[in-house]
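Below is one structure, written out as structure tokens; comments come after it.
The numbers here are math on the coordinates, done by the rules we state, and not lab data. As the structure is a computational prediction, the values presented were derived from the model and not from experiment. Methodologically, a virtual Cβ is constructed for each residue, glycine included, from the backbone with ideal geometry; neighbour enumeration extends over all protein chains shown.
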Amino acid sequence: MRISVRTKQVAGVTAIVFAVVVCLGGYYMLSLARVFIQDIGTRSELVAHGIFQRINQLALDGGDLTTAIRTDAGLQSMLESSMYADGALYAAVVDTDGVVLAHNDPSRVNLRLAPVAELATLVDAGAWDQWHAVNAQGGQTREVRMPLMLNAQEFGAIRVGVSTLLMRSELEQVLRPVLVTMLALLLGTVLVATVLAQWMLRPILVLRAGLARLGQGDTDVTLDLPVRDEFGDLGESFNAVRDRLAREHADGEVSRAAMSRRMAALGRVSSGIAHEVKNPLNAMRIHLELLRMQTAEVPGTVDHVRVLSEQMRRLDEVVQGFLSFTKQEDLTVEAIAPAALFEDLLPVVNAESGKTGVQVQVDVQAGVPDVAGDRALLHQALLNLALNACHAMPNGGTLRLAARPSSARRGYVELLVEDTGTGITPDNLGRIFNLYFTTKPEGSGIGLALVYRTVTLHDGDIDVQSVPGKGTTFTVTLPSAP
């Protein structure tokens, strides 16, 4: 699935802010839990100090201290009022065996108070251990303990119990606004990132639209980009490329016009040269035939006359080939389906391929656009390639005619003529399109040169790849029809 740059930017900014918020929020929550535990510990110690001061007063008053602790109404009031402290679970005074002498709940007096872990160990623990203890399943009970001494001997202890469940409840109340703020910050970040992406990517969208118009040949396109930042420099670079393409386009039109005029002039000169050459050739052939008739009985003369006649015939073919190569063509450009081009070739190609058992395959990809060209010229060019391929497979093989959109040139179509024949040697591969070059004893060396000329006239390219003994592939690249 293709993800747009805008989506990536919004996701990236949101992820960064989310990571920062999570890290800072986590650190804040851990720090808040530590401060909260320390604060509860401090308040519990204050409660324990108050109870200690009251018991110390009772000891100074004389009498049995145990009885005084059990019966003193002021001490009982202090124990009961300690329950108003945050997180407090109980407050009690116990003897050395843990038996309750006074408790905020009078029904617990004379019962043994089970020992629990001290709150001081949680206060001194790490932040993560504190967070885990506060959020533990079922909660925990911790105590602040203060020993009681009488006559230099331990008499008992003051024990103030706190519950982590109550801590967690109060901590959640404090953190709830923080979590709401974090969520609002994330939503605001997404909104700001979306607006920022729209603002930042607008020049890219403008540039993409400009490139699309430039690719369609519109050299008058201008970009509405800021002029005081990097995009302004990009706009200037785009304008420079546009101006250069406009000049090259204009130069190309002039070059085509000049080339057309030169080809027309060359065609006229070639016609005159051919006329001047063919007239003496015809006269020479007539007189050579008369000479052959008069010297028919002279030994050895017939062979010499035959050689001269054959060479004049070849000279005549050379002149005809040169005329065919240089004459000006009036292209009748139309939209032609590649499948139709191949279909027109099959009658002649099948007749030739049947002589040597060559299998012909036509492979046209679905959705291949039509090509723009002259039907007759393209038919002749592809027919030359297909017949050459058949001749390269005297012992049979496979001839494949294929069409596909060009991956290298947008707006072009590739027509392939592929065989499994004898191939072309590397020495000859670079010369096969030269006029009069041929490796066949009976060849004229004009066919592939005319193919190259036809492809060039259509503003196309032709490429050949060959492996001796494996086969050859000709790739004709032609512009697609609008």
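A viscosity of 0.890 mPa s and a temperature of 25 °C, combined with the Kirkwood radius over C-alpha pairs in the Stokes-Einstein formula, give region 104-184 a diffusion coefficient of 160 µm²/s.
If packing is taken as the average count of other Cβ atoms within 10 Å, what order do 38-51, 403-416 fall into, highest mean first?
Numbers: 38-51: 18.6, 403-416: 17.0.
Per-residue Cβ counts within 10 Å, averaged per peptide and sorted highest first, yield 38-51, 403-416.
Of the residues 78, 180, 96, the one whose Cα sits farthest toward the positive end of the charge dipole of region 5-186, with +1 on the Cβ of Lys and Arg and -1 on the Cβ of Asp and Glu, is 180. Here region 333-479 yields Rg over Rh of 0.94, to two decimals, using C-alpha coordinates and the Kirkwood radius. Computed over the alpha carbons of region 5-186, Rg followed by Dmax gives 22.0, 86 Å.
Alpha carbon centre of region 52-101 versus region 358-434: separation in Å? Rounded to whole Å, the Cα centres lie 107 Å apart.
Between residue 481 and residue 110, the distance separating the two model label sites (each 7 Å from Cα on the Cα→Cβ line) works out to 11.3 nm.
Using the Cβ of residue 78 as centre and a radius below 10 Å, the other residues enclosed give a net charge of -1, where K and R count +1 and D and E count -1.
From most to least packed by mean Cβ count within 10 Å, the peptides 100-106, 385-391 give 385-391, 100-106. The slack in the chain from residue 120 to residue 52, taken as 0.36 nm per residue of separation less the alpha-carbon distance, amounts to 22.6 nm.
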